[in-house]
Amino acid sequence: MTSKEAVKRAVAFDNPDYVPLLYNNRDIEQSDTLYLGFGAAADFTPKVEGESEWGFIWETKDGTMGQPKHHPLTDWSLWNDYKKKLPNAYAAGRMEHVPAFLAAHPDKYILASIGISGFNSVTFVRGFEDTLIDLYTDREQIEELIDAVFEYENGLIRQFCAYEGVDAICFCDDWGTQETLMISPALWREVFKPRYKKQFDIAKAAGKQVYFHSCGQIKEIIGDFIEIGVDIFNLNQPDIFPTEYLSEHFAGKATFNCPADHQTVAISGTPEEIKAYINMLNDKLGANGGGFIGYIEDYACMGMSEENYQAIKAAFLALKPHKK
């Protein structure tokens, strides 16, 4: 069974021969699943280091992924000029690398990623606080920006969907704090759910699956995401739901791609605790002839020791799939 077959059978609850794995930032050659990104526009030249095509500037430090430090749309008086310079999803440079990548990895499950997306991208352009305020006080204006971001992403999705070797479209849009959604579920359903559905429908019409990453507590909208087409959830903090909740409400309805929790056991657990935790994830989320994909990421920048990284690898590699 190839990696591609194992992942597809896990997602279909069709008894894969083993529990497939996704390695994020280390030991990628061992991963069953690979990310495929899009390229920068060939004619784009950053004015300063870290500048994106959207005009915000990405700042990194201390080995973490960093964050944007400049929001180009600080005032709506800038909108008319700003929207004339929006990035073009179909610009030269976006997809030229894709055929060679797919040819080099025919047996891997390929996640074509549109990067940090949706709501997060809107906040990078407008600013987090201003975006939240606008959703309540200036809905028409903020929805213009939201539509600009989502339509750009739709262009990327359509291009990725044209490639037979792409298996899923990957979205990365954090929606949760440690305790709840960043906006009310009702507002999320009114503004964002229909726009996600349009994106997922594009992928589904092309025979692609949908993979959605979101950090934080999003249990109030997991059911909505499943309803509109998400096949795989990447939730890197299973403890905040907790895992038992995910199992009780959603096991057998979607596939979960989860690590040893990145805020708890992956950092502070012993190898024995890590092994027990990873076995628990498989038992709770993968008990339906599939439904679970292991996730492995080196989090040394957040305090993960080399011992724990190796313990996580060993525990995932030792898992046995649950047959139905």
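The values are calculated or read from the model by the stated rules, or taken from the named source; none is laboratory data. These numbers were taken from a predicted model, which means no experiment stands behind them. Reconstructed Cβ throughout: ideal geometry from the backbone, glycine too, with neighbour counts over all protein chains shown.
Of the conditions (1) modelled with pLDDT of 95 or more; (2) in a loop (DSSP other than H, G, I, E, B), E273 fails just one. Which one is it?
Status for E273: all satisfied but (2).
Among the helices (runs of 4 or more DSSP H) confined wholly to region 31-150, which include 1 or more residues that are assigned by TED's automatic domain parsing to the domain that holds A203, of a type in the set (S, T, N, Q) and buried (at least 20 other Cβ atoms within 10 Å of the Cβ)?
118-126, 128-137
If you check F225, F192, which single one turns out to be under 18 Å from the mean Cα position of the chain (by Cα), at pLDDT 95 or above and surrounded by 22 or more Cβ atoms within 10 Å (Cβ to Cβ)?
That would be F225, the only listed residue that is under 18 Å from the mean Cα position of the chain (by Cα), at pLDDT 95 or above and surrounded by 22 or more Cβ atoms within 10 Å (Cβ to Cβ).
Regarding D231, is this residue surrounded by 18 or more Cβ atoms within 10 Å (Cβ to Cβ) and acidic (D, E)?
So D231 fits the description; yes.
If G165 satisfies all but one of (1) outside any loop (DSSP other than H, G, I, E, B); (2) touching a residue at least 12 places away in the same chain (Cβ under 8 Å), what's the number of the condition it fails?
(1)
What's the number of the only condition in (1) within 20 Å of the chain's Cα centre (by Cα); (2) surrounded by fewer than 16 Cβ atoms within 10 Å (Cβ to Cβ) that N24 fails to meet?
Going through (1) within 20 Å of the chain's Cα centre (by Cα); (2) surrounded by fewer than 16 Cβ atoms within 10 Å (Cβ to Cβ) one by one, N24 breaks only (2).
If you check every pair at least six apart or on different chains, which have Cβ atoms under 8 Å apart with a residue in region 293-320 that is free of Cβ contacts under 8 Å to residues at least 12 places away in the same chain first and a residue that is among the aliphatic types (A, V, I, L, M) second?
E306/A300
Show the residue pairs that are 6+ apart or on different chains and have beta-carbon atoms under 7 Å apart, the first residue being within region 1-28 and in a helix (DSSP H, G or I), the second being surrounded by fewer than 17 Cβ atoms within 10 Å (Cβ to Cβ) and of a type in the set (S, T, Y).
A6/Y18
Check E49, E59 and return the single one that is more than 30 Å from Q141 (Cβ to Cβ) and free of Cβ contacts under 8 Å to residues at least 12 places away in the same chain.
Residue meeting the stated conditions: E49.
What about E297, is it among the acidic types (D, E) and closer than 24 Å to L34 by Cα? Give the steps one after another, and end with the answer.
On the way: among the acidic types (D, E): yes; closer than 24 Å to L34 by Cα: yes.
Here the answer is yes, as E297 does meet what is asked.
Looking only at region 290-308, which residues are part of a helix (DSSP H, G or I) and either of a type in the set (A, V, I, L, M) or buried (at least 20 other Cβ atoms within 10 Å of the Cβ) (or both)?
Residues of region 290-308 that are part of a helix (DSSP H, G or I), as a first pass: 300-302, 306-308.
Once the filter is applied, which keeps residues that are part of a helix (DSSP H, G or I) and either of a type in the set (A, V, I, L, M) or buried (at least 20 other Cβ atoms within 10 Å of the Cβ) (or both), region 290-308 yields A300, M302, N308.
Please go through (1) out of contact with any Lys or Arg (no Cβ under 7 Å at 6 or more places or on another chain); (2) buried (at least 17 other Cβ atoms within 10 Å of the Cβ); (3) assigned by TED's automatic domain parsing to the domain that holds Y295; (4) of a type in the set (S, T, N, Q) for S3 and return the number of the only condition it doesn't satisfy.
Looking at each condition in turn, S3 falls short on (1).
Just give me the residues in region 186-242 being of a type in the set (S, T, Y) and part of a helix (DSSP H, G or I), in sequence order.
Y196
Within the bounds of region 60-74, is there any residue that is at pLDDT below 95 and among the acidic types (D, E)?
So far as region 60-74 goes, yes, one or more of its residues are at pLDDT below 95 and among the acidic types (D, E).
Identify, from the list A311, A287, A318, the residue that is surrounded by fewer than 20 Cβ atoms within 10 Å (Cβ to Cβ), over 21 Å from S214 (Cα atoms) and in contact with a Gly (Cβ under 9 Å, 6 or more places away or on another chain).
A287
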